[in-house]
Amino acid sequence: MTAVEFQSVSKRYSAETPLAVANLNLLCREGELLALLGPSGCGKSSTLKMAAGLEDLTEGEILFGGRPVSALSAGRRNIAMVFEDYCLYPNLTIEDNIAFPLSVRGVDKNERRQRVGDVLAMLGLHDIAKRKVTDLSGGAQQRVAIGRAMVRDPDLILFDEPLSHLDGDQRIHLRAEISRLQKTRGITSILVTHDQNEATAMADRIAIMKGGVLQQVDTPARLYARPANTFVANFIGEPPMNLFPGEIGDDAGRITIPMLGEDIVIGDERRHAFAARRHSGLTLGLRPEHLIVEAAGDGAERQANAVVTYREPRGDADSLVLRILRDTSTMVAELAGPCTFRTGDKVRLRVPAANTNLFDSESGVNLEFDT
Amino acid sequence: MTAPLKSCKTAADGLQLLNVSKTFDQTEVLHDIDLTVAPGEVLALVGPSGAGKTTLCRIIAGLETPSSGQCYMNGTDMTAMPPGDRRVAMMFESYALYPHLSVGDNVRSPLLARAKGGLPPTAGQHIEQLLAVLEIAHLSDRLPSELSGGQKQRTALARALIQNPNALLLDEPISHLDAKLRHKLRGEIRQILNARPHPTIWSTPDGLEGLSVGDRIAVLIAGRIEQIGTPEDIWLRPASVKVARLFGDPPMNILPGELQDGQGRIDFHCRSMTMTLPPALAASAKAIKGRAAFLGLRPNGLTLHRGDDQSAIATTVYSIESFGKYAIVTLITPPGDLIKLKTADVQDLKLGDDVGVRYASDQLLLFDGTTGRAAYVYS
């Protein structure tokens, strides 16, 4: 098992274009599956290609297990790649495809049989090992490709959009399978994807990139609960986090949300944490499933502060788009489905203080985030 | 060839298909389709690839002739009407953009084709607004060859949405967009359609997209309508195992087994467990003729338990996928059935841990093991 470290890595393709990757410092720990995630042009693919040795570094160094590799060609780095279109040998059987990397390296027959047998067992493909790979579904072909990558115990496996050619149910199935196989073998892996669902499902940690700059690297749970900035808050989670203005009250533990006509109290401990930092103004962040939606009316008792403008059922959850009465901005709530609210219903929205994130309005930085 | 009508009653308004079948080279791709879409309604047509969704849309547009059956528009039989006279707008999954026209001109083209003496003064503004909603306003002057797949798809979508047709057919309109944009646009397109008077068919292989956008959903599998209903109907009461497998992320767990009569009770027995059916399910089990049955377990109706628990299904943790908001845990039973469970909290769960699975009895469904049809007792 090998840790992979990017040290101050930059990549520039030409003098006229901005840096594709800017001063990247990132550690993929031993045995970890690290996902690189971001919108197109964020630098994730360039980063993967530099790790693979398919692109040169403009600056910096990449270390495999502490050894610099930037001078080594792709073939000498002991890595394996899994591509979106499988890249299997169509005229070979499942078994021969998996055995191929061992055959070309001259591994002796007994050891080859042993190692291929282990991988076939792990994939559950023993009974059909003699079949041509072209007889298999896309999902099963990709499992063979993963088996071929794992059979020679590389230092690192690079997964490049491994699920993007697959249909819905095969994708859901293989997502779980990749995560299981990677854990079982414990091979250090880097996954590139544009799909946050895939990244969160498979990865131990995720590095979020934007415009060549690393934004945050963390576990899926931490990214979701404590995004480093409003870009990550908006990028991770579906529907995205609600972001809305707040005003710090006289008593600094109290925050007023003018558009809802609500005050929340965040408590002394959190007040001290963010009061110590300079900030231009406060933006609150709240996940849609944490927004509390109550039936309400025109009267003084539980007076409505929003109206449901759209309901989107999604089976076990419904999302509601809500128009705030005071300023016609919108918020999104997610409730267990099927819920009883309908378009046109007047509601009272409440914000639970404990689930809020506090961002600087100008920079978007999370005021309670410690790197 | 004309098939006899099942009934002569046709809907006065909207779109209606009666007994529509289509055969290509002796292969039946659509079988006896009956469907109505009311004015202003969005019908989501959900089915896996190859189910016949595109063929159905092409028949409504007049690009294919049904082998038997009729299509009606507002009560008028249009089965033999040429496509140009139907005023049906169709967005093709293959986009079919004019390669020599810019994005803006592609979107403008259907309006020009119908306008006599120039476009109305508001047309330009409508096009701009629509391109802005679809996030392609900045690409208005580009040619299709300069666009990504997703941008082409949104151009084709804008060209369909700009029209004021008798019926609108959207064939997998957002399938090639990345997930983030897909989630955002499906709601926005749906809200544009809310203000429209015409019937719309929105086809998709994605069950959750169908639940999100359809007033009703028609599930098409292998050329046959398996079920038509509201999103709640389809989600809570899927008509068959095939329907249940199309909806949910992850979809419902389906275990094949058999029914066994005990003393004053009915048991469901399969290789991974034996369960005494709760009263409501035992009542519906009477609708099953043979002994073979499928038990459906919803991933969000299952809970994990550690330690010895006789009432739980014995399993081992096979994989864990955590999504922040929730996690999906895949469990494997000793005989090798995989069961997926959706939970808010996985805590210190590890691969290989032995755990018990309990089920909420109101989250179970029973299906006939021979036909695959649901066994429900409607009260």
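The values are calculated or read from the model by the stated rules, or taken from the named source; none is laboratory data. In this text, all values refer to a predicted model and were calculated from it rather than measured experimentally. Methodologically, a virtual Cβ is constructed for each residue, glycine included, from the backbone with ideal geometry; neighbour enumeration extends over all protein chains shown. Note: areas computed on protein heavy atoms with side chains; ligands, DNA, RNA excluded. Shrake-Rupley method; radii C 1.70, N 1.55, O 1.52, S 1.80 Å.
Remarks
- Only one entry of B:46, B:42, B:20, B:29 meets the criterion of being crowded, with 17+ Cβ neighbours inside 10 Å, more than 19 Å from the chain's Cα centre (by Cα) and among the β-branched types (Val, Ile, Thr), and that entry is B:20.
- The residue that is farthest from the chain's Cα centre (by Cα), counting only those in segment B:348-377 that are of a type in the set (D, E, K, R) and farther than 27 Å from residue B:309 by Cα, is B:368.
- Checked against (1) within 14 Å of another protein chain (Cβ to nearest Cβ); (2) open to solvent by less than 60 Å² (accessible area, probe 1.4 Å); (3) at pLDDT below 95, residue B:3 passes all but a single condition, namely (1).
- Listed conditions (1) of a type in the set (A, V, I, L, M, F, W, C); (2) touching a Gly at 6+ places or on another chain (Cβ under 7 Å); (3) surrounded by 16 or more Cβ atoms within 10 Å (Cβ to Cβ) are all met by residue A:74, apart from (3).
- If you go through segment B:242-260 and keep only what is in contact with an Asp or Glu (Cβ under 9 Å, 6 or more places away or on another chain), within 14 Å of residue B:374 (Cβ to Cβ) and more than 10 Å from chain A (Cβ to nearest Cβ), you end up with B:242, B:243.
- The number of residues in segment B:283-322 that are at pLDDT below 90, more than 30 Å from the chain's Cα centre (by Cα) and crowded, with 19+ Cβ neighbours inside 10 Å comes to 1.
- Of all residues in segment B:298-334, those satisfying the criterion of being outside any strand (DSSP E or B) and more than 25 Å from residue A:237 (Cα to Cα) are B:306, B:307, B:308, B:309, B:310, B:311, B:312, B:333, B:334.
- For segment B:159-192, taking the residues that are of a type in the set (Val, Ile, Thr) and within 12 Å of chain A (Cβ to nearest Cβ), the one that is most open to solvent (accessible area, probe 1.4 Å) is identified as B:192.
- Residues of segment A:154-175 satisfying the condition of being outside any loop (DSSP other than H, G, I, E, B) and either touching a residue at least 40 places away in the same chain (Cβ under 8 Å) or not charged (D, E, K, R) (or both): A:156, A:157, A:158, A:159, A:160, A:168, A:170, A:172, A:173, A:174
- Once segment B:336-361 is narrowed to residues that are part of a strand (DSSP E or B) and farther than 20 Å from residue B:248 by Cβ, the residue that is farthest from the other protein chains (Cβ to nearest Cβ) is B:356.
- Candidate set from segment B:326-335 (those that are open to solvent by less than 30 Å² (accessible area, probe 1.4 Å) and within 12 Å of chain A (Cβ to nearest Cβ)); member that is farthest from residue A:201 (Cα to Cα): B:331
- Residue list for segment B:263-296, restricted to those being touching a Lys or Arg at 6+ places or on another chain (Cβ under 9 Å) and part of a strand (DSSP E or B): B:266, B:276
- In segment B:193-214, the residues that are within 14 Å of another protein chain (Cβ to nearest Cβ) and of a type in the set (D, E, K, R): B:206, B:209
- Residues of segment B:261-292 classified as within 16 Å of residue B:370 (Cβ to Cβ) and out of contact with any Pro (no Cβ under 8 Å at 6 or more places or on another chain), total: 9
- A residue that is in a loop (DSSP other than H, G, I, E, B) and either within 30 Å of the chain's Cα centre (by Cα) or not assigned by TED's automatic domain parsing to the domain that holds residue B:225 (or both) occurs somewhere in segment B:98-119.
- For segment A:327-371, a tally of residues being within 26 Å of residue A:279 (Cα to Cα) and outside any strand (DSSP E or B) returns 17.
- Single residue of segment A:279-293 satisfying the filter (in contact (Cβ under 8 Å) with a residue 60 or more places away in the chain and open to solvent by 30 Å² or more (accessible area, probe 1.4 Å)) that is nearest to the chain's Cα centre (by Cα): A:290
Condition check ((1) closer than 21 Å to residue A:196 by Cα; (2) among the polar types (S, T, N, Q); (3) open to solvent by less than 10 Å² (accessible area, probe 1.4 Å); (4) outside the structural domain of residue A:181 (by TED's automatic domain parsing)) across all residues:
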{"residue": "A:25", "(1), (2), (3), (4)": "no, yes, no, no"}
{"residue": "A:48", "(1), (2), (3), (4)": "yes, no, yes, no"}
{"residue": "A:53", "(1), (2), (3), (4)": "no, no, no, no"}
{"residue": "A:59", "(1), (2), (3), (4)": "no, no, no, no"}
{"residue": "A:66", "(1), (2), (3), (4)": "no, no, no, no"}
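- Looking only at segment A:257-277, and only at residues there that are part of a loop (DSSP other than H, G, I, E, B), touching a residue at least 24 places away in the same chain (Cβ under 8 Å) and surrounded by fewer than 17 Cβ atoms within 10 Å (Cβ to Cβ), the one that is nearest to the other protein chains (Cβ to nearest Cβ): A:267
- Number of the condition not met by residue B:218 [criteria: (1) free of Cβ contacts under 8 Å to residues at least 60 places away in the same chain; (2) within 23 Å of residue A:311 (Cα to Cα); (3) not β-branched (Val, Ile, Thr)]: (1)
- For segment A:183-199, filtering for residues that are over 27 Å from residue A:41 (Cα atoms) and facing chain B (nearest Cβ under 10 Å) leaves 2.
- Extreme residue, farthest from residue A:179 (Cα to Cα), among residues of segment A:28-42 that are of a type in the set (Gly, Ala, Ser) and surrounded by fewer than 24 Cβ atoms within 10 Å (Cβ to Cβ): A:41
- Verdict on residue B:344 being buried (at least 19 other Cβ atoms within 10 Å of the Cβ) and modelled with pLDDT under 95: no
- Every test in (1) touching a His at 6+ places or on another chain (Cβ under 6 Å); (2) within 14 Å of chain B (Cβ to nearest Cβ); (3) of a type outside the set (Phe, Trp, Tyr) is passed by residue A:176 save one, and that test is (1).
- Output for segment A:294-319, where each listed residue is assigned to a loop (DSSP other than H, G, I, E, B), away from every other protein chain (no Cβ under 14 Å) and buried (at least 19 other Cβ atoms within 10 Å of the Cβ): A:305
- Flag if residue A:285 is assigned to a strand (DSSP E or B) and either charged (D, E, K, R) or within 14 Å of chain B (Cβ to nearest Cβ) (or both): yes
- Failed item, numbered, when residue A:145 is tested on (1) facing another protein chain (nearest Cβ under 10 Å); (2) closer than 30 Å to residue A:118 by Cβ: (1)
- Strands (runs of 3 or more DSSP E) (entirely within segment B:213-262) containing at least 3 residues that are at pLDDT 95 or above and more than 10 Å from the chain's Cα centre (by Cα): B:224-229, B:253-262
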